[in-house]
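Asks: Handing you this structure, nothing more for now.
The values are calculated or read from the model by the stated rules, or taken from the named source; none is laboratory data. Nothing here was measured: the structure is a model prediction, and the numbers come from that model. Heads up, the Cβs are rebuilt from the backbone with ideal geometry, glycines too, and the neighbour counts pull from every protein chain shown. These accessible areas exclude ligands, DNA and RNA; they are computed on the full protein's heavy atoms, side chains included. Shrake-Rupley method; radii C 1.70, N 1.55, O 1.52, S 1.80 Å.
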Amino acid sequence: MIVVVAPPARKGRTGGARQALVAIAQLRLMILSLLFGAGMLAIIAKLALLALWAEPAVARDVTSVLLPPRGDIVDRNGAPLARSIDAWSIAIHPNQVIGDKGELAQKLAELIPEQSAGHYYAILNSGGGFAYLKRRALPELVSAVNALGQPGIEFQREPDRLYPQSGMAAHVLGYLDANGRGVSGMEKVLDGRLSDPARRGRPVAISLDTRVQAALESELGTAMNNLQARGAAGVILDVRTGEVIAMTSLPSFNPNAIQGPPPRNNVTQSVYELGSTFKPLAVAAAIDSGTITSMSRRFDATKPMTVGRFTIHDDPGDEQFRWLNIPETLIYSSNIATARIADELGADKLSDMFRRMGFDQRPGIEIPAVGTLWPASWGRITVMTTAYGHGIAVTPLHLASAYATLVNGGIYRPATLMKVDPAHLPEGRRVLQESTSARMRQLLRLIVLKGTGRKGEAAGYRIAGKTGTAEAAADGGYDKHRNVSTFAAAFPIDAPRYVVVAMLDSPKANPALGVYRTTAAWTVAPVVSRVVSRTGAILGVTPDANRDIDESELLPLIWEGPDAKTKDPE
C-alpha cells in the first residue's frame, strides 16, 4: 500500500503580506500627518510673526500723508461751499501679500484703472511696508477691492473735500491736490487758515451769496447757450464794501472731479476791450476836472471825425448827425462826441482817471488776476479811442470796481472775496467828487430809460448802466464778425447798493428768441435785467415803481423831435 504524504503548508505567506501592507499604510499615514502638522505649524508661525511684528492699522501714524483736518468754506450766510467729510483710502502692505502677485496686480488694474497692472505689480514686489493704491475712494470701489480677499490690503478712513454745490463758483473756490493742499482759488488763499489745527476746523465765511451766485450762473449760462457764445463772465459787487456777492466765469468746471487744467477765470484772468462802457468814465473825468461844467455843452457829431489816417464814426443805427450835449452823448452812445470830449480833456487827465480807477494794475482781489493791456503811449488818437473803450483792455472785475466808484459817491474800494464786517467797512480812497458821482448816477439812469440800456431795466429796481460792444481781438487785430458785448449796471440808482457787470464773448443773433443783433443792448443787457429781477429782493432791495432818482433837470436837454437826427437843435 502506497501512502502519499502532502508537503507542509507555508504558514505566514498570506498573513505576512497583509501585515506588510498594513505597515506601509501606517507609514504613509504617519508621513502625511507629519506633513500636515508641519504645514499647520508654518501657518501658525506666520500668524505669530504677523501678530508680533506687523503694525496694526489703528496704530499707524498717518498724519503726514492723510488730509489734515480742514475747515469748511461757507458763503456770507453760512451755506456750505466746500466741506470736509469722511471718506476711504485703499492701501497695501507689499510684504504681507499672499498669493499670485501678478494676478493681484491685474485685478487691481481692472478695479482701479488710473494705473497699469505693471505699476501695481511693481508696488507688490517693492518689499515695502505700506503704499497707497487709491485715495478718497468711493464706497463701491472699497467693496469691490475688499472682495478680493487679500489680507495685505488695508482700508482706512480719512477726510475728503466735497463741494456740495457741484460746479457753483468753481473759479472762486478752486480745489485741492491729492495731499489736501489748496491748488487754486480761495482753497489756496485760505490754505493755512483752513488747515490750522488751532482753529479746529472752524469754517471761513467768504463774501459770496449762493442764492445770487446760482441766479447769475443760470442766466449767463442760458444766454451763452442760446446765443452760442464762446464764453461769459459776470460779477456782482457791493458798492459800499467792495465785496463780491457773485462771480461767474463760463465755461466752468466741477472741483469734485478735476480732469486736466480747468479753464481760466474770465472775470479776473482775461482782458477785453469793453467798448462803450468806458464812455461814462471819460465823461466823469471831464466833469470832475472842470473840463465840462454844463450838461448842455454840445459836441459836433454831424459827421465822422478824421484824425490823421484814422476815422472815428458812430455805430450804424446810433448816428445822430447833429451836435450832441452830454446826456445825449451817452444816451445815443456817440463815439464821435466822446472822442471830442476826450480830445479836450487831454492825455494827462484821462490817463490819470484810469490810473485812479486801478486800470494800470491787476485787481486788488485775493485770487489770481491779471493786469491790463495799458497803452504804450498816450497820443491824441489813443486818448480819443480809449475814451470809448478801444485801445485799452481790462478785466470785467476792473470795470465793476470802476462803476462802483462812479455811483457810490466817488470812493474806490478794491474788490474782495472775504466777508466784510459791517462794523469795520474799508475806508477806500476818493477818486471822484461826490457831486460828480451824483451827476453820473443821473446820466447812467437816463441811458437805461431812454438809451441803449433799455432792455436792461427791471421793473421797480431803478437800474442804471451802460452797454458796450467792441470787436473781439484776434491775431493782433480785430475780428469784424465777433463782438464782446458788455453791460455794466448799478441798482437801485437812487441809493446805490450793487453793481452788476455781465459779458458775452462772441454771441450770435437768435431771431427765434427775439435777439436780432449781437450788440450788448440785445444780448447781455436782458441778462442783467433777469438777474436783478431774480436777486434784488434776496439782496434786500425792495422793488418800488414809485421811487426813482430825480433826473428832471436833464430831461429837457434830450431832444426827441421828429427831425432830431438831421438838425442842430440850436
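Asks: Restricting to segment 384-418, name every residue that is surrounded by fewer than 24 Cβ atoms within 10 Å (Cβ to Cβ), closer than 30 Å to residue 308 by Cα and of a type outside the set (Ser, Thr, Tyr).
Replies: 390, 391, 392, 393
Asks: Could I ask something else about it? Kindly evaluate residue 374 against the criterion of being without any contact (Cβ under 8 Å) to a residue 40 or more places away in the chain and over 29 Å from residue 265 (Cα atoms).
Replies: The answer is no for residue 374.
Residues are listed down the side, and each one gets a yes or a no for (1) more than 34 Å from the chain's Cα centre (by Cα); (2) outside any helix (DSSP H, G or I):
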| position | (1), (2) |
| --- | --- |
| 127 | yes, yes |
| 136 | no, yes |
| 144 | yes, no |
| 179 | no, yes |
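Asks: Search segment 61-87 for residues being part of a strand (DSSP E or B), among the aliphatic types (A, V, I, L, M) and modelled with pLDDT under 90, and hand back the single one that is most open to solvent (accessible area, probe 1.4 Å).
Replies: Selected residue: 85.
Asks: Select from segment 419-434 the residues that are within 18 Å of residue 361 (Cα to Cα) and in a loop (DSSP other than H, G, I, E, B) and write down the one among them that is least open to solvent (accessible area, probe 1.4 Å).
Replies: 431
Asks: Can you give me the ranges of the helices (runs of 4 or more DSSP H) entirely in segment 307-390 with at least 3 residues that are small (Gly, Ala, Ser)?
Replies: Helices (runs of 4 or more DSSP H) meeting the threshold: 335-345.
Asks: A further question on this structure: For segment 436-474, give me the residue count where each residue is part of a strand (DSSP E or B), open to solvent by 10 Å² or more (accessible area, probe 1.4 Å) and either on the phi > 0 side of the Ramachandran plot or hydrophobic (A, V, I, L, M, F, W, C) (or both).
Replies: The number of residues fulfilling the criteria is 2.
Asks: Could you grab me the full set of residues in segment 96-110 that are surrounded by 15 or more Cβ atoms within 10 Å (Cβ to Cβ), of a type outside the set (S, T, N, Q) and outside any loop (DSSP other than H, G, I, E, B)?
Replies: Scanning segment 96-110 gives 101, 104, 105, 107, 108, 109.
Asks: Could you tell me which numbered condition residue 107 fails, if it satisfies all but one of (1) basic (Lys, Arg); (2) more than 21 Å from residue 133 (Cβ to Cβ); (3) at pLDDT 75 or above?
Replies: Every listed condition holds for residue 107 apart from (2).
Asks: Is there a residue being at pLDDT below 95 and on the phi > 0 side of the Ramachandran plot anywhere in segment 426-435?
Replies: Checked segment 426-435: at least one residue is at pLDDT below 95 and on the phi > 0 side of the Ramachandran plot.
Asks: Scanning segment 115-132 for residues that are loosely packed, with under 15 Cβ neighbours inside 10 Å and among the hydroxyl-bearing types (Ser, Thr, Tyr), which turns out modelled with the lowest pLDDT?
Replies: Within segment 115-132, the match that is modelled with the lowest pLDDT is 126.
Asks: Among the candidates 154, 140, 219, which residue alone is free of Cβ contacts under 8 Å to residues at least 24 places away in the same chain and among the charged types (D, E, K, R)?
Replies: 140
Asks: Right, something else. Could you list, in sequence order, the residues of segment 308-337 that are among the acidic types (Asp, Glu) and more than 17 Å from residue 279 (Cα to Cα)?
Replies: Selection gives nothing.
Asks: Applying the selection to segment 529-561, what residues are assigned to a helix (DSSP H, G or I) and closer than 27 Å to residue 326 by Cβ?
Replies: Those that are assigned to a helix (DSSP H, G or I) and closer than 27 Å to residue 326 by Cβ: 529, 532, 555, 556, 557.
Asks: Next question, about the same structure. Tally time: how many residues in segment 480-528 are touching a residue at least 24 places away in the same chain (Cβ under 8 Å) and assigned to a strand (DSSP E or B)?
Replies: The number of residues fulfilling the criteria is 20.
Here is a yes/no grid of residues against (1) of a type in the set (Lys, Arg); (2) in contact with an Asp or Glu (Cβ under 6 Å, 6 or more places away or on another chain):
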| site | (1), (2) |
| --- | --- |
| 204 | no, no |
| 208 | no, yes |
| 236 | no, no |
| 246 | no, no |
| 249 | no, no |
| 264 | yes, no |
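Asks: May I ask you to list pairs of residues, at least six apart or on different chains, whose Cβ atoms are under 8 Å apart, with the first in segment 408-435 being under 21 Å from residue 491 (Cα atoms) and the second being open to solvent by 80 Å² or more (accessible area, probe 1.4 Å) and outside any loop (DSSP other than H, G, I, E, B)?
Replies: Matching pairs, first to second residue: 409/434; 410/430; 410/434; 411/429; 411/430; 412/429; 412/430.
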